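The values are calculated or read from the model by the stated rules, or taken from the named source; none is laboratory data. Values in this document were obtained by computation on a predicted structure and should not be read as measured data. Glycine also receives a Cβ, built like all others from the backbone with ideal geometry; neighbour counts cover every protein chain displayed.
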Amino acid sequence: MARGDSYQLQGQQGGVYLSGAQTATGNFRNIVALTATTITAMTSNFVSSTGTAVTALVIPAGTAVGGQFKNVEISSGTAIFYYA
């Protein structure tokens, strides 16, 4: 039986815990910020209102962000990046 999107959102594919200035390589589907987290570099499917790619992001503590993220770098904070 094919698994639905909720499978990945439940973290059953695993993830990477980042704290402070660290990087993670891979394909991620969901980010959960445990503390305020600043992503300084990433490849994602996010675009701004003008259509340009979003390559940096600040996520408040306790917030989850879904999308397609690759090769992320944080400069501060603590977050879990769940694999796609």
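Structure values in brief
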| item | result |
| --- | --- |
| Residue check for GLY20: exposed (fewer than 11 other Cβ atoms within 10 Å of the Cβ) and modelled with pLDDT of 85 or more | yes |
| Candidates ALA64, ALA41, ALA79, filtered to the one that is more than 16 Å from GLY15 (Cα to Cα) and either at pLDDT below 90 or small (Gly, Ala, Ser) (or both) | ALA41 |
| Residues within segment 30-43 that are crowded, with 21+ Cβ neighbours inside 10 Å and of a type in the set (Ser, Thr, Tyr), tallied | 1 |
| Matching residues in segment 44-62 - criterion: being within 17 Å of LEU18 (Cα to Cα) and either of a type in the set (A, V, I, L, M) or surrounded by 14 or more Cβ atoms within 10 Å (Cβ to Cβ) (or both) | ALA56, LEU57, VAL58, ILE59, ALA61 |
